[in-house]
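Quick notes on the structure that follows.
Readers should treat all values here as calculations from the given coordinates under stated rules, not as data from a laboratory. None of these values were measured; they are calculated from a predicted model. We place every Cβ from the backbone using ideal geometry, glycine too, and count neighbours over all the protein chains shown.
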Amino acid sequence: MPSVLIVNGRVIDPASGMDQVADVAIADGIVAAVGPKLDRSRADQIIDAGDCIVTPGLIDPHVHLREPGMEEAETIRSGSAASADGGFTTVCCMPNTTPAIDDDAMIEYVYTAAELDPQTGNRLPRGARVFPVGAVSKGRKGEELAEIMLMAKAGAVGFSDDGDCVASAGLMRTALSYIKPTGLSLMQHCQDMSLTRGASMHAGSISTTLGLGGWPRVAEETVIERDVRLNRGIGCPYHVQHLSSGGSVAIIRAARKEGLPVSAEVSPHHLLLTHEEVLKHGGYWTNAKMNPPLREQTDINAILEGVADGTITILATDHAPHTRDRKALDFEAAPFGIVGIETALALYIKALIEPGVIDWPRMIAMMTIEPARLCGLDRLDAPSGPGAAALGWVHRSGLGLGRLHVGAAGDVTVIDPKHEWTIDASKFLSLCRNTPFDGWKVRGRAVATVIAGEVVLDRRVGVVGAR
């Protein structure tokens, strides 16, 4: 395997506290050295990162890759390539597929599909690493607990019924008890369906104007309150997905102050857009239809405060591709969600770095070591199933992801923070184009993505192995 040397960059590794100009050498798929002015004579490939930021490979713990069952919207292969283009070296895919990822066979399917071409059986050129999140309930129906231990042994990196809430308090309590011994997290889609039936956007002035069913904040907040109480005597790692309500921030802040194992993520659209977005393009704009919905500026302000004070620890895209014809349905019938993996980095910069909400080391932590810890990818022991060293996704020694140190997996993202560009959905590597950010002028972009020592993206030559 060719060796790679990344030189002259500002190396930020939040896991170790490193923030200095240095070089990073990668050999045999792992980090061989980090320090100033490393020997260039033995490098097969040199990436000049002058004026750039060099970080551990970015990790997104919440994407929808649609395979199996909805391959017209996204495949593991296309999503993996799109992720690498966005600077992500690792993504964790949700189980709301058809069939659901709810047993060990389906976990193994994801690992196999991420590694092999289903048509020829040949090894695919690498995009981002793909790790599966298993369903909490069988078929994601919320009725019966899925095979938690078997999925954990097969390499699941967390558990969620995302797309649906675990509505039953009894099932939730049982799930928390069964998931805790795995050391993994229960990732909850917080939505009380009895409060959102018939709703398609935030309950506020815009929904009233448009005559649309309103989705109240309390539908998210009450689920979090309930789950925190259920988990108080159990202590399973509990994670709130795609937080949208300012009131939710207060609940999570209080739980964390109490020392409870609660974490939360926020997505770019909930940092930058309000429910007024639905009025654009003649109104009823389906590219502004999210789950949970876009809310109000007061919610954004509370979320930003939660990011700033450490209540919210993770940035996740909730990348949700939908085909053009499905998004062209009338507003109430159109599906929720937008694509986000190729635009997230620049949008986080716009929402968090440019206004000074947090600094670069903190944002990089929220995109590397924090999601790695959430999904057990920072561990010294790799997942035990085919997602471990058997398929080469993690270094054979089982060293974790989300950090840059000698012996760590050779996953690196090089970011040019001054790179100005215009988001152009027509150029996405994702199979879908459903984004409200098309045409936005942004600053900051991944200019190189290195995965296990392989340069899969270099802006000078494009994405290696893209469709």
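For the chain, the convex hull spanned by the alpha carbon atoms encloses 126 Å³ per residue.
For region 177-282, the convex hull drawn through the C-alpha positions has a volume of 110 cubic angstrom per residue. Expressed to the nearest 5 percent, the antiparallel share of DSSP beta bridges inside region 53-164 is 20 percent.
Based on alpha carbons, the Rg and Dmax found for region 303-364 are 15.0, 42 Å. With θ taken as phi - 60° and the Karplus curve 6.51 cos²θ - 1.76 cosθ + 1.60 applied, the whole-hertz 3J(HN,Hα) list for region 401-408 is 9, x, 8, 10, 7, 4, x, 6 Hz, x standing for glycine and proline.
What the phi angles of region 415-429 give under the Karplus curve with 6.51, -1.76 and 1.60, with θ = phi - 60°, is a coupling list of 10, 9, x, 9, 5, 9, 8, 10, 5, 10, 4, 5, 9, 4, 7 Hz, glycine and proline written as x.
Stokes-Einstein diffusion of region 267-324 at 37 °C, 0.692 mPa s viscosity, Kirkwood radius from Cα pairs, rounded to a whole number: 263 µm²/s.
Under 14 Å from the Cα of Lys327, which aspartates and glutamates turn up, not counting those fewer than eight places away in the same chain? Cross-link targets: Glu72. Each helix, a run of at least 4 DSSP H residues, gives -39500 (n - 2.57); summed and divided by the residues of the chain, these come to -7000 deg cm²/dmol at 222 nm. Positive end of the dipole of the chain (Cβ unit charges, origin at the Cα centre): among Ser245, Ser205, Ala365, the Cα lying farthest that way belongs to Ala365.
In plain terms, the residue of Arg295, Arg129, Arg217 with the fewest other Cβ atoms within 10 Å comes first and the most crowded comes last, giving Arg217, Arg295, Arg129. With the biggest extent put first, the Cα atoms of region 1-151 measure 58, 37, 26 Å across the principal axes. Farthest towards the positive end of the charge dipole of the chain, among the residues Thr90, Leu294, His189, is the Cα of Thr90, using unit charges on the Cβ of Lys, Arg, Asp and Glu.
Taking 28 Å as the limit for the C-alpha separation, the pairs Lys289/Lys441; Lys280/Lys350; Lys153/Lys289 exceed it in the case of Lys153/Lys289.
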